[in-house]
Structure formats: C-alpha cells, structure tokens
C-alpha cells in the first residue's frame with residue numbers, strides 16, 4: 001500500500017478518539033506525551049520509512065481513553081525531510097495504518113511564542129479542532145516574558161492550557177480539556193498578500209464549483225498551491241498555472257505567506273499583552289552563543305565528538321577485556337570437560353566464539369547511546385544539527401544526519 005493513500009476510515013477504532021500531538025523541536029512535546037501516556041506507549045516505524053511512530057493511550061479526568069499520536073517535531077507544514085512529510089500525511093489522513101486525527105494538540109514553547117505559533121496557524125487551517133499546550137511557562141517567566149493565556153485565546157480563537165511538562169504541572173487542566181469534545185475547527189485570520197489572494201481565490205472558486213459542499217476551499221487551495229494537497233482537476237490545473245506564473249514573475253509566494261503569518265502573530269502578541277521584560281543574560285544564553293558561534297561552535301563540536309569517541313573506547317576497554325576473558329575461560333572449560341569431536345568443536349569454535357565476538361561490542365554500543373542520550377536531553381544535538389545543516393545540505397543531507405553518519409564509521413560502514 002502506498003504511503004500517500006488515504007486510510008479506510010471504516011478501520012478506525014470508533015470507541016476511542018485519536019489526537020495528534022505536534023510542535024516545534026525542543027518545545028517539550030515528547031516530554032508532555034510521556035507525561036500523558038506513561039508506560040502505555042507503542043513504538044514502531046511508519047510503513048516504508050525509518051521514521052519512528054509513537055502512539056500511546058491517555059486518560060481524561062472522566063476516565064475516557066484517548067489515543068495520542070506523537071508526531072515528529074517540525075517548524076512548519078512545509079515538509080523538508082521524510083519525518084516532516086510523514087507528520088503532514090498523518091494530519092491529512094493519508095498515513096498508512098493510522099486514521100485522520102479527531103483533533104490536534106499543539107505544544108508550543110512559551111518562551112518563543114512567535115515562532116511556535118506559526119505552526120499553530122497552519123494547523124488551524126487543516127479543518128481540525130486545535131488545543132494548544134502552552135508549555136515551558138516557567139522558562140518563559142524566568143526569561144521575563146509576560147503571558148496572558150486568556151487574551152491569546154480571544155485573539156487566536158483556540159484554547160490555551162499553561163503547562164510545565166517536566167514537572168507535571170498543568171496536566172490536570174490539560175486532561176480536562178482533552179476530555180471535552182472539541183468540534184470547532186480553526187480558521188484563517190491573517191491577511192493574504194494581494195497576488196496570493198487572487199490565486200487562492202481562483203483556485204478556491206474552482207474547488208467550490210466542483211464540490212459545492214467544501215467549506216475549507218481556501219485552506220485546500222493553499223495546500224494545492226504548495227503541491228502537498230489533492231483536489232478536483234480544475235483546481236489542480238489552476239494551482240499549477242499560478243505556480244508557473246509566480247515562478248516567471250520571480251514572486252516568492254511562500255516567503256510572502258510566511259511574512260504575512262508572522263506579521264499577524266506579532267500584532268496578536270502585542271494586542272494580547274505578551275511582551276519581553278527586562279532580564280539578565282543567563283548562563284544558558286551564554287552557552288548557546290558559544291555552541292552556535294560560526295567559528296567557536298565548530299571547535300566545541302569537534303571537542304565534543306573527540307571526547308565522545310575517546311571516552312567510548314577508553315571506558316569500554318575494561319568491560320570488553322572482562323567479556324573476552326570470560327568467554328575464553330568458558331571455552332577452555334568446555335574443552336577440558338568434553339570429549340574431542342565435532343560437537344565440542346561446534347560449541348567452542350562456533351557458538352561460544354560467535355556469541356563472544358558479538359557480545360564483546362556491547363559495552364561500546366551501550367556507552368555510545370548513553371552519551372548520545374545525554375547530548376540529546378541537554379539540547380546540544382539540536383544545536384549541532386543547526387550548525388551543520390548548511391554544510392550537510394551541500395551533499396543532499398540535513399544537519400541531523402551527521403551524528404548517525406559519524407557513528408557508522410565505528411563499524412567501517414559509512415552511512
């Protein structure tokens with residue numbers, strides 16, 4: 001089955017509601033997902049790709065079971081990587097093995113609302129009910145950011161729930177909100193630039209002509225224009241024609257859309273009284289300025305990687321020697337207590353030597369993933385990926401592929 005084929009809605013478990021959890025990288029999305037689902041998680045891969053699929057069961061305050069889908073982190077609904085493409089397919093109901101969500105839980109970093117709410121404005125136009133978890137409010141307040149959730153709700157039109165996922169705060173309110181039957185889908189409130197408005201208007205009109213009952217014609221027209229949607233033949237032809245026209249006129253309509261969204265969000269945040277108060281530069285800011293520096297950042301990255309691999313080989317050498325000595329002693333014991341023959345040779349030179357040759361690498365693997373987990377949880381890997389992204393794009397890869405590529409050299413299998 002193709003990954004872009006719509007899922008049969010009849011296969012959906014109608015006894016439970018499905019809610020997609022989406023957010024920017026490092027917004028605390030997975031932490032919140034873990035807090036809501038606990039150990040009731042299922043991990044696998046999406047069919048045909050190596051993108052991790054995580055689903056889990058959460059319970060509302062009234063005991064209703066709901067299924068959460070932890071989507072890959074992304075900054076916008078304009079996919080630039082396989083995991084972002086999968087996230088968009090899930091939201092559109094095109095992912096194999098998953099139904100289209102009944103609602104979307106957007107997790108936003110309260111300390112960087114303008115960038116995080118950009119994704120929220122896009123999700124609101126998909127025709128799905130939206131709930132926003134205003135996460136990391138403690139970090140925002142420590143940074144001097146003033147937040148007024150009630151005013152944000154009035155201006156944007158969706159419910160905001162302040163949370164601190166790592167401390168478990170706000171989860172009761174969030175479970176209560178998830179227990180409500182969200183039915184109101186968001187709508188576009190930002191103003192389109194004139195050239196784009198003309199294009200979307202024509203495409204939407206063609207869509208309504210073919211499907212008069214379509215209430216999301218404008219939103220779907222934007223999807224067609226971006227090339228990520230499907231629709232009636234007349235609307236598709238118009239979208240192709242407008243893309244070609246914009247290309248000839250050197251009109252970057254995608255940048256115009258982004259600019260219009262950010263202008264709308266800046267105005268909303270200003271009206272809602274969200275502002276940046278005075279604060280001292282903290283130690284995290286100083287670390288960020290160092291690891292993201294265009295020159296010093298490379299030195300930090302090189303030092304980190306050298307320290308990582310030196311530590312792996314130096315620390316792992318001790319348990320590797322113990323494992324080697326243990327299997328050698330076991331082989332000698334078997335040789336001394338078994339009669340010579342084919343079976344003894346098979347056991348000593350085949351089974352024990354083969355298993356020992358594999359197990360001896362276990363300390364290196366465990367230590368590697370332990371240190372990578374520390375770097376991931378500290379947020380350094382995301383910053384390293386940002387630093388490496390421009391260089392890796394020259395060979396057709398993203399910055400996130402550097403660490404797996406480097407790790408593979410330990411087995412002499414690049415990539």
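Observations, loosely collected:
- Filtered residue count, the range 52-78, keeping only those that are in contact with a helix residue (DSSP H, G or I) (Cβ under 8 Å, 6 or more places away or on another chain), surrounded by fewer than 19 Cβ atoms within 10 Å (Cβ to Cβ) and closer than 17 Å to residue 101 by Cβ: 4
- Flag for residue 155 being under 24 Å from residue 77 (Cα atoms), part of a helix (DSSP H, G or I) and more than 19 Å from the chain's Cα centre (by Cα): yes
- Condition check for residue 375: closer than 30 Å to residue 27 by Cα, out of contact with any strand residue (DSSP E or B) (no Cβ under 8 Å at 6 or more places or on another chain) and touching a residue at least 60 places away in the same chain (Cβ under 8 Å): yes
- Count of the range 48-91 residues, restricted to those that are in contact with a strand residue (DSSP E or B) (Cβ under 9 Å, 6 or more places away or on another chain), part of a loop (DSSP other than H, G, I, E, B), over 22 Å from residue 220 (Cα atoms) and at pLDDT 85 or above, is 4.
- Residue 367 vs. criteria at pLDDT 80 or above, under 28 Å from residue 321 (Cβ atoms) and either outside the structural domain of residue 296 (by TED's automatic domain parsing) or out of contact with any strand residue (DSSP E or B) (no Cβ under 9 Å at 6 or more places or on another chain) (or both): yes
- Looking at 313, 309, 369, just one residue is surrounded by 15 or more Cβ atoms within 10 Å (Cβ to Cβ) and assigned to a helix (DSSP H, G or I), and that residue is 309.
- Any hit, the range 100-115, residues being out of contact with any strand residue (DSSP E or B) (no Cβ under 9 Å at 6 or more places or on another chain), more than 23 Å from residue 263 (Cα to Cα) and assigned by TED's automatic domain parsing to the domain that holds residue 32: no
The values are calculated or read from the model by the stated rules, or taken from the named source; none is laboratory data. All of these numbers come straight from a predicted model, not from anything done at the bench. Positions of Cβ are generated from backbone atoms using ideal geometry, with glycine treated the same way; all protein chains shown enter the neighbour counts.
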